[in-house]
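What follows is a set of notes on a single structure, which appears directly below.
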Amino acid sequence: MGSARVRSTLVALALVVAGAAAPAAGAATQDRAATVETAQGRVVVSRSPFRLTFTDRAGRQVLTEHLSEQSSARRSLRVAPPPPPLAASYGPPLQETLYAPLAFTVGTETTTTQERGTWAGNLLTSVRTGTVYRARAVRSTRRTPDGGVRLVVSTTDPSGRLLVVTVGPDRGGALHVRVRPSPSTGVVGMSDSFEAPAREAFHGFGGVHSGIDQRGASFYGWAAEESVDAAPFDVPGSESGTLLYPNGPQAAYYPQSSFVSSEGYGFLLDRPELARWRLAAPDEPRAWQADVAARQLDYVVTPGPAPRAIRTLTAITGRQPVPPAWAVGPTLDRATALGETAASYEAKVRQDLRDIDRYHLPLRAYRIEGWGILPAATVRELIGELHRRGIRALVYFRAFVSDDVAGTETAGLYDVAIKRGLVARTAAGEPYTFGNSFGGTSVLLDFTNPATRAWWARRLQSALDLGADGFMQDFGEEVMPAMRFHDGRRGLAMHNRYATIYDRTTRHVLDAYERAHPGRRIFFFTRAGGLGRPGSAAYEGGNFPGDETTDWTRSSGIASVIPDMLNRAVGGAFGFSTDIGGYLDLNSPATTKELFLRWAELTALTPFFRLHGSLLAGTHTPWRYDTETVRIYKRLTRLHQRAERLILRLWHTGTRTGMPPTRPLWLAAPGDARAAREDQAWMLGNDLLVAPVVQQGATSRRVVLPRGCWRRAGTGAALRGPAVRTVSATLGVLPWFTRCGTRPLASS
């Protein structure tokens, strides 16, 4: 921000300063209230009617507030009751809205969530009542110390309520808009609306499965647990295999309130509360809107092409740090089973050690999920056995403590956490209990409490002192609106923020441990993702994308994996780690040999290569099928090992530039319409194209080749792009291509 070149031009100036952009359509020079400029672009404030217009540093308009004749004529909007859901408990639909600059709702809002079971913390309803008003005209302007402007803006609220709008520079030359009603009493939500050109695409939003362009969608930004294919729940339209239950197609464990537009800008909704997104949706295809359930609106606009927008946004929201080299190597997770005993779990781990030796499985890490139910001496011995084989040892932690039968937690932790006051509470000051998916009663750890953080540090240190090299950090989506936290925040404000605080607490513990133990590099990966400045991506080592179902669906099965990976990657979450073979099999068949191998093919050229398990069938291993599966799996493992150095080099670059190792084709081939629609392929760096098979029974697939010459691995055949080609891909064969004249894996 200190290096940004900022200029504020007040309405009294009759002439535009040298080099300023031409006024936006409909905004005559004499109507200009102010201009704020940075090294990346500028924002022009039109006086009456109020309007913000953003341009890039070349003066090209990239974003402007939506000001249609209809929104200009409407002084207010009475909020109508929401339409009914598609099916009982299905994701709540959004209510009617006013598409206009800086709108706000005066009234009430009631938000309820699931309280028990698999979907604890997931959104059930969020209903607003009241009236929506909007900005009208600038009344006054003045400079701010950072070179921005502070505006007082009149509104359509007949009570005379004003908006205090601050526009100024942000990190990396971004432009920050902050809006506060005065007075703010009674305001329950704020929004801003912008024009959406006919071909504008919206890329990002974190771990969203439903494609790589959310144009046409309306959805909530709320960390949601375990949304699965909607077909078994009788949701209309679910026969397509694309809908999620219970929270809709865009439901995500790892939502990010940021996106990159094809129009040449990036956008960050810089608030942690419940967000509502409408992106050229059917009710208004000419506009998009960001809405937040808060009394203040903050957002950031980053003018410029996609690489620059990504660089600027992720500098603000955070980028996942480069993991130790061993962490990107092949990994086996030994999951627990419901009702697991110490004896049964230890036997499974020891059998894994024998099978690893027997099949000479290439392995860099092994996770002991049930370490908490084993005696400390046994854990230490098993870790020693792994280390003697050159295999790093991982364990398991989660965001709550419970009296359940998951087999992951030391007995008595539930009682200890409650007795010491380490958990989120009710309004009456009692521990806030909820049911989890393992049949127990749970309490959520309150990481805003210094006593909880100290207790958490001791738990992590005890595992590391046993020799553990890292762990999975699970859950983080279970914050309910009525919860109370030690720092005074309530659940509505904490829900999307919780995972960031959780991850930050862990990162600080690990940093201190590494300083005290030179040479130790500790790695942890997470499931939930949280918002913030920075958010979770600044602290965690990687993510697994939740519990994918053991099927072929685009909603939650194998075909959901690639869009999820690419959407979160452009938001700084580079370390994507899917469960090979899927996990959740309650409403899906057991993982077949075909699905297992296709999943391994897909994963071979991603940042991590990790075997996990399914809830009912147990841990997936290649030897549970046949010798052919073992042979193919080992070959795919070696391919991943060849790519490890490339992945780490790209990751290092990503921490400096924001450019992810795994890149969607819309980013790699700008201007190519077919590449812009491709959501089942990606680039690993600049020169390696990956196009796995994700369709059951398929022996070939369609591949979009960007411009240039491409050579298919294994055949040597050269193909010219831009083009769409159909290539053969029998089981065990991953189609991947290198740019002619390059050898991206040669030094690996």
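Residue count for the stretch 333-364, restricted to those that are farther than 24 Å from Leu636 by Cβ, part of a loop (DSSP other than H, G, I, E, B) and open to solvent by 30 Å² or more (accessible area, probe 1.4 Å): 4.
Inclusion of Glu381 among residues that are modelled with pLDDT of 95 or more, in contact with a helix residue (DSSP H, G or I) (Cβ under 8 Å, 6 or more places away or on another chain) and more than 28 Å from Arg635 (Cα to Cα) is not warranted. Which fully enclosed strands (runs of 3 or more DSSP E) of the stretch 66-160 have 2 or more residues being open to solvent by less than 40 Å² (accessible area, probe 1.4 Å)? Counting at least 2 such residues, we get 103-113, 123-133, 135-143, 149-155. The set of residues from the stretch 704-717 being at pLDDT 95 or above and among the hydrophobic types (A, V, I, L, M, F, W, C) comprises Val704, Leu705, Cys709, Trp710, Ala713. Among the numbered conditions (1) of a type outside the set (Asp, Glu); (2) at pLDDT 95 or above; (3) under 18 Å from the mean Cα position of the chain (by Cα), the only one that Gly216 does not meet is (3).
Taking the residues in the stretch 228-250 that are part of a loop (DSSP other than H, G, I, E, B) and open to solvent by less than 10 Å² (accessible area, probe 1.4 Å) as candidates, determine which candidate is farthest from Thr578 (Cα to Cα). Of everything passing the filter in the stretch 228-250, Val235 is farthest from Thr578 (Cα to Cα).
Kindly evaluate Asp564 against the criterion of being of a type in the set (Asp, Glu), buried (at least 24 other Cβ atoms within 10 Å of the Cβ) and touching a His at 6+ places or on another chain (Cβ under 7 Å). Answer is yes for this residue.
Only a single criterion out of (1) polar (S, T, N, Q); (2) more than 23 Å from Glu628 (Cβ to Cβ); (3) open to solvent by less than 10 Å² (accessible area, probe 1.4 Å) is not satisfied by Thr603, namely (2).
Among the candidates Ala482, Ala499, which residue alone is modelled with pLDDT of 95 or more, within 22 Å of Gln256 (Cβ to Cβ) and either out of contact with any Lys or Arg (no Cβ under 6 Å at 6 or more places or on another chain) or not in a helix (DSSP H, G or I) (or both)?
Just one listed residue meets the conditions, Ala499.
In the stretch 657-703, the qualifying residues are those that are out of contact with any helix residue (DSSP H, G or I) (no Cβ under 9 Å at 6 or more places or on another chain) and open to solvent by 40 Å² or more (accessible area, probe 1.4 Å), and the one that is modelled with the lowest pLDDT is Gly671. Taken as a whole, the structure places Val188 among residues that are in a strand (DSSP E or B) and open to solvent by 10 Å² or more (accessible area, probe 1.4 Å).
Scanning the stretch 161-211 for residues that are in contact with a Ser or Thr (Cβ under 8 Å, 6 or more places away or on another chain), closer than 25 Å to Tyr133 by Cβ and small (Gly, Ala, Ser) returns Gly168, Gly189, Ser191, Ser193. Condition first: in a strand (DSSP E or B), open to solvent by 20 Å² or more (accessible area, probe 1.4 Å) and not charged (D, E, K, R). Can you find one or more residues in the stretch 262-280 that meet it? The answer is no; no qualifying residue exists.
Given the criterion touching a residue at least 12 places away in the same chain (Cβ under 8 Å), open to solvent by 60 Å² or more (accessible area, probe 1.4 Å) and more than 20 Å from Ser577 (Cα to Cα), identify the matching residue among Leu731, Leu719.
Leu731
Run down Ser159, Ser184, Ser191, Ser154 and say which single residue is without any contact (Cβ under 8 Å) to a residue 12 or more places away in the chain and either out of contact with any Cys (no Cβ under 7 Å at 6 or more places or on another chain) or not hydrophobic (A, V, I, L, M, F, W, C) (or both). Going through Ser159, Ser184, Ser191, Ser154 in turn, the sole match is Ser159. Of the residues in the stretch 460-469, at least one is outside any helix (DSSP H, G or I) and more than 28 Å from the chain's Cα centre (by Cα).
Restricting to the stretch 100-125, give me the number of residues that are of a type outside the set (S, T, N, Q) and closer than 28 Å to Tyr254 by Cβ.
The total comes to 9.
Looking for something closer than 29 Å to Tyr414 by Cβ and either modelled with pLDDT under 95 or not hydrophobic (A, V, I, L, M, F, W, C) (or both) - is there at least one such residue anywhere in the stretch 316-329? There is no residue in the stretch 316-329 that is closer than 29 Å to Tyr414 by Cβ and either modelled with pLDDT under 95 or not hydrophobic (A, V, I, L, M, F, W, C) (or both).
Given the condition modelled with pLDDT of 95 or more, out of contact with any helix residue (DSSP H, G or I) (no Cβ under 9 Å at 6 or more places or on another chain) and under 24 Å from Ala365 (Cα atoms), answer yes or no: does some residue in the stretch 565-576 qualify?
Yes: one or more hits.
Entry remark, the stretch 457-472: residues being in contact with a helix residue (DSSP H, G or I) (Cβ under 6 Å, 6 or more places away or on another chain) and under 20 Å from Val443 (Cβ atoms) number 2 in total.
For the stretch 679-730, the set of residues classified as of a type in the set (Lys, Arg) and farther than 20 Å from Leu639 by Cβ consists of Arg702, Arg707, Arg720, Arg725, listed by residue number.
Selection of strands (runs of 3 or more DSSP E) fully inside the stretch 400-450 by the criterion of at least 3 residues being open to solvent by less than 20 Å² (accessible area, probe 1.4 Å) returns 400-402, 441-444.
Across the stretch 192-212, the number of residues qualifying as more than 19 Å from Gly557 (Cα to Cα), part of a loop (DSSP other than H, G, I, E, B) and in contact with an Asp or Glu (Cβ under 8 Å, 6 or more places away or on another chain) comes to 3.
Number of residues in the stretch 203-216 that are open to solvent by less than 10 Å² (accessible area, probe 1.4 Å) and out of contact with any helix residue (DSSP H, G or I) (no Cβ under 7 Å at 6 or more places or on another chain): the value is 1.
Taking each residue of the stretch 81-92 that is closer than 22 Å to Val132 by Cβ and looking for partners that are small (Gly, Ala, Ser) and not in a loop (DSSP other than H, G, I, E, B) with beta-carbon atoms closer than 8 Å, six or more apart or interchain, yields Pro92/Ser126.
Looking at Gly148, Gly189, Gly206, just one residue is within 30 Å of Ser437 (Cβ to Cβ), modelled with pLDDT of 95 or more and not charged (D, E, K, R), and that residue is Gly206. Looking across the stretch 110-123, just one residue is under 20 Å from Glu96 (Cβ atoms) and hydrophobic (A, V, I, L, M, F, W, C), and that is Leu123. Put simply, of Glu548, Glu514, Glu540 the only residue that is in contact with a strand residue (DSSP E or B) (Cβ under 9 Å, 6 or more places away or on another chain) and either closer than 29 Å to Arg171 by Cα or surrounded by fewer than 23 Cβ atoms within 10 Å (Cβ to Cβ) (or both) is Glu540. Taking Phe485, is it in contact (Cβ under 8 Å) with a residue 24 or more places away in the chain, crowded, with 21+ Cβ neighbours inside 10 Å and farther than 30 Å from Ala294 by Cβ? In short, no.
The values are calculated or read from the model by the stated rules, or taken from the named source; none is laboratory data. Just so it is clear, the structure is predicted and the values come from calculations on it, not from any experiment. Because the Cβ atoms are built from the backbone with ideal geometry, glycine has one as well, and the counts that use them run over all protein chains shown. To get the accessible areas, we keep the full protein, side chains included, count just its heavy atoms, and leave off ligands, DNA and RNA. Shrake-Rupley method; radii C 1.70, N 1.55, O 1.52, S 1.80 Å.
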